[in-house]
Amino acid sequence: MLGVDPGLTRCGLGAITATAGRVVRIVDVGVATSSPDTPLELRLLQISTVIDEWIDRLRPDAVAVERVFAQSNVSTVTGTAQVAGLAMVAAARRGIPVELHTPSEVKAAITGNGRAEKEQITTMVTRILGLASAPRPADAADALALAICHAWRSPAGRPVAAVATATIEVDDEPSGPAAASPANGAAPTAAQALWLEAERRSRRTARRVAPARGSVGR
């Protein structure tokens, strides 16, 4: 499983393995970089080359990419979207499935709080993977978080039981286990229970909203 946190200056790359019991282990982590002083087309080429090298070397069975949303800084989001496209195309060329995850989805899966700060994500990734030190920069930790988030989803797209034991304080949530001991059929963890509830609320809201009508006179 390869997670890609797209960015034009720093693109995070994080690879993990996940067992049938959903135990996750780190394989490799790093960043692909490019200089703002370099022409855009060459920056994209540099990032693309590194992504290709990682995929060919690690042969992941899936690639998880952060879904890009519009931000106030248009130039930043444009570059991020371009790099996300590079990762998706690289995977598609090799027949590797791609899935997009929103930042809040990843945060909720890892910490139980969809508004968690980057440092909280880094702390939880470090604990979940049992690392001796935190992955740096934050883009690398975010890439691992994307891969973990994807690994913890069932084939039907639902979160499954997590695999490490850790606690962390997150905004608006009390301290508590962010993951449970590996076991088939285990109850959802605190983080995943929040995720499931958010999905249920989303489905209920969708049922209550009437279909949009086309604009009149257009």
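Bear in mind that the values in this text are calculations on the coordinates, not laboratory data. Because the structure is predicted, anything quoted here is derived from the model rather than measured. All Cβ positions, glycine included, derive from the backbone under ideal geometry; neighbour counts span all protein chains shown.
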With the convex hull built on the alpha-carbon atoms of the stretch 1-96, volume per residue in Å³ sits at 94 Å³
In cubic angstrom per residue, the convex hull of the stretch 33-89 built on its Cα atoms measures 80 Å³
Net charge (Lys, Arg +1; Asp, Glu -1) of residues whose beta-carbon lies under 11 Å from that of Arg67, Arg67 excluded, is -3
Here, the stretch 5-56 modelled as identical Cα point scatterers in vacuum has Debye log10 I(q)/I(0) at q = 0.20 Å⁻¹ of -0.69
The farthest towards the positive end of the charge dipole of the stretch 90-137, of the residues Val125, Val106, Ala92, given +1 on Cβ of Lys and Arg and -1 on Cβ of Asp and Glu, is Ala92
